[in-house]
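To start, the structure under review is shown below, and the notes come after it.
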Amino acid sequence: MRIGIVCYPTFGGSGVLATELGKALATKNHEIHFISYNQPARLDTFTENIYYHEVFIAKYPLFEHTPYETALAGKMVDIVKSAKLDVLHVHYAIPHASAALMAKQILAEMNIRIPVVTTLHGTDITLVGREITYEPVVSWSINNSDAVTAVSQNLKEDTLKHFHIRKEIDVIPNFIDFNRFNKKPREHFKQMIAPNNEKIIIHTSNFRKVKRIEDVIRVFQQIQQQVPSKLVLIGDGPERSNIEKTCRELNVCQWVTFLGKQEAIEEILSIGDLFLLPSESESFGLAALEAMACEVPVVSSNAGGIPEVNIHGKTGFLADVGDVDTMARYSIDLLNDNAMHEEFRKNALKQAHSFDLQEILIQYETIYSRVIK
Ligand code: GMT
């Protein structure tokens, strides 16, 4: 199939997932055309069957805000025609889905049929999409897409609850590529971070408020008082200076390492003993899945779709959003009990296998075939 993938090019979960999906589809001989305003972060090497088309946004003094949606729709029209695409798969409703539907209508007038598959990722539904000005556009885009997928059952339910939806929504969860995400022997690296064999706690995100990274620091402070440990923070974003401030206030700076944005997250996860994800809202929690694939148990909040990934008492523990004390208690118990920790490591890996890329890929291919027919 010739598939157009529209996504955000940034490090955020939806862009990462869309890029990895395209790369995997290309290995199965599909022709993939990425359309975005920048080269997607994980599209960093030349790969056969993959093309990248940049959306150029013409500037004009009249525009206080550049009309990205219009430029994107125009680009989609162009690529559908020139590359003879069979399907457009847009990731994140705003503004990708409505732009794709505009392109679809323009193409229909040229007697070209292009089905649109929309994948909902989370904040397009749970946060920004609910804004009173966006809601009617998001509802309309979902109802008029040829197929709609949500990355968790919880996100599907949230969508049905908060929008006016007539369209069937398929749940296709996030996936993991085990060729990349697996526990690797990285003793030298562990030695560098934790020279006295301290436990290594990891959090990775885009450092936005919704991730509640201050809770990560508060949980870690309590862990540190009971268990010799180090905290490794991967990523960057708007909350960075607040987090540094919290570290200073709680007097934990000496045990916290900020690694910034990292490409090879799996290398760092490989030396982890525990992953923390206390998010306020999380449609799925790809970061937790990546940790579990590297055999790292997870202590998380029970927000959104996280309980579909992290199983309480098996692969880690869940607590209410903001319940730092309970998260700390679970973490300390787990880190102090070698047998339980070993069992949770194995369970985490086993659970991660239920989200194997190869299986999930087939589900997307089935949807493409359905809408192309
Ligand atoms: O939360 C992020 O880090 C980015 C965000 C996005 O919109 O790109 O990720 C969302 O999509 C991911 C991939 O489907 C999910 O795994 C994340 O849970 C989801 N984030 C939220 O719902 C907050």
- Item | Principal-axis tilt of helix 153-162 within the chain, Cα atoms, nearest 10 degrees | 60 degrees
- Query: Given H placed on each backbone N at 1.01 Å, which residues far from residue 2 in sequence or on other chains put an amide H within less than 5 Å of it?
  - Reply: 31, 86, 87
- Here D for the stretch 124-219, in µm²/s, from Stokes-Einstein with a Kirkwood Rh over Cα pairs at 4 °C and 1.567 mPa s, works out to 75 µm²/s
- If unit charges are put on Cβ atoms (+1 for Lys and Arg, -1 for Asp and Glu) and the dipole of the stretch 187-355 is taken about its Cα centre, the option from 207, 311, 338 lying farthest towards the positive end turns out to be 207
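Per residue and in cubic angstrom, what volume does the convex hull of the Cα atoms of the stretch 284-338 have? If you can, show how the numbers build up before the last one.
Working: hull volume 3.7 nm³, N = 55.
Convex hull volume per residue, Cα atoms: 68 Å³.
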- Under 10 Å, Cβ to Cβ, from residue 237 - net charge with Lys/Arg +1 and Asp/Glu -1: +3
- Which whole-number percent is the relative contact order of the chain (Cα, under 8 Å, 6+ apart)? 13 percent
- Task: Taking the chain as the reference, fit the longest principal axis to its C-alpha atoms, fit the long axis of helix 240-249 to the helix C-alpha atoms, and give the angle between the two in degrees, 0 to 90, nearest 10.
- Result: 10 degrees
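Order 140, 255, most accessible first, counting only protein heavy atoms with a 1.4 angstrom probe. Mind showing how you got there, number by number?
Values: 140 110, 255 70 Å².
Sorted by accessible area, descending: 140, 255.
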- Can you tell me the 0 to 90 degree angle between the C-alpha axis of helix 96-108 and the longest principal axis of the chain, rounded to 10? 20 degrees
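Any idea of the accessible area per residue across the stretch 187-355, 1.4 Å probe, to the nearest Å²? Working shown, then result.
On the way: 6740 Å² over 169 residues.
Ligands and nucleic acids excluded, the figure is 40 Å² per residue.
What area, in nm² and to one decimal, does the C-alpha convex hull of the stretch 175-224 cast on average over all directions?
Working: hull surface 20.6 nm².
If I average the Cα hull's projected area over directions, I get 5.2 nm².
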- Message: Could you tell me the center-to-center distance, by alpha carbons, between the stretch 128-165 and the stretch 330-373 in angstrom?
- Response: 26 Å
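Calculate, for residue 44 and residue 184, the FRET efficiency according to 1/(1 + (r/R0)^6) with r their C-beta to C-beta distance and R0 22 Å; round to the nearest 0.05.
Values: r = 20 Å, r/R0 = 0.90.
Using R0 = 22 Å, I get an efficiency of 0.65.
Which value results for Rg/Rh of the stretch 187-355 when Rg is the Cα radius of gyration and Rh the Kirkwood radius based on the inverse mean 1/r? Can you show the working numbers first?
Working: Rg = 14.2 Å, Rh = 15.4 Å.
Using Cα coordinates only, the ratio equals 0.92.
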- Message: Can you tell me the length gained on complete extension of the stretch residue 28 to residue 1, counting 0.36 nm per residue apart and subtracting the Cα distance?
- Response: 8.7 nm
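Report the Stokes-Einstein translational diffusion coefficient (µm² s⁻¹, integer) for the stretch 226-314, Rh taken as the Kirkwood radius over Cα pairs, at 10 °C with viscosity 1.306 mPa s. It would help to have the intermediate numbers written out before the result.
Details: Rh = 14.2 Å.
My calculation gives 112 µm²/s for D.
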- For the stretch 317-373, state the average projected area of the convex hull of the C-alpha atoms over all orientations, rounded to one decimal in nm². 5.8 nm²
- Considering the options 322, 256, 66, tell which one lies farthest towards the positive end of the dipole of the chain, charges being +1 on Lys and Arg and -1 on Asp and Glu at the Cβ, about the Cα centre. 66
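Report, to two decimal places, the Cα Rg of the chain normalised by 2.2 N^0.38 Å (N = number of residues).
Working: Rg = 21.3 Å, N = 373, 2.2 N^0.38 = 20.9 Å.
Dividing the Cα Rg of the chain by 2.2 N^0.38 Å gives 1.02.
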- Note on the structure: Of all lysine pairs in the stretch 187-355 that are eight or more residues apart or on different chains, those with Cα atoms under 19 Å apart total 13
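How big is the C-alpha Rg of the stretch 64-155 next to the rule-of-thumb value 2.2 N^0.38 Å, as a ratio?
Values: Rg = 13.2 Å, N = 92, 2.2 N^0.38 = 12.3 Å.
Against the empirical 2.2 N^0.38 Å value, I get 1.08 for the stretch 64-155.
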- Item | trypsin sites (Lys or Arg not before Pro) within the stretch 201-305: DSSP coil, no more than 16 neighbouring Cβ in 10 Å | 261
- Message: Could you derive backbone 3J(HN,Hα) for the stretch 28-45 from the dihedral phi with the Karplus parameters 6.51, -1.76 and 1.60 (θ = phi - 60°), listing whole Hz in sequence and x where the residue is Gly or Pro?
- Response: 9, 6, 7, 9, 10, 10, 7, 10, 7, 8, 8, 4, x, 3, 8, 9, 9, 10
- Query: In terms of solvent-accessible area of protein heavy atoms at a 1.4 angstrom probe, what is the ranking of 295, 239, 249, highest value first?
  - Reply: 249, 295, 239
- Query: Out of every Cα-Cα pair in the stretch 35-104, what percent are more than 18 Å apart?
  - Reply: 43 percent
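The values are calculated or read from the model by the stated rules, or taken from the named source; none is laboratory data. Please read these numbers as outputs of a predicted model, since none were measured by experiment. As a convention, Cβ positions derive from the backbone with ideal geometry for all residues, glycine included, and neighbour counts pool all protein chains shown. Note: accessible area is taken over every heavy atom of the protein model, side chains too, but ligands, DNA and RNA are not part of it. Shrake-Rupley method; radii C 1.70, N 1.55, O 1.52, S 1.80 Å.
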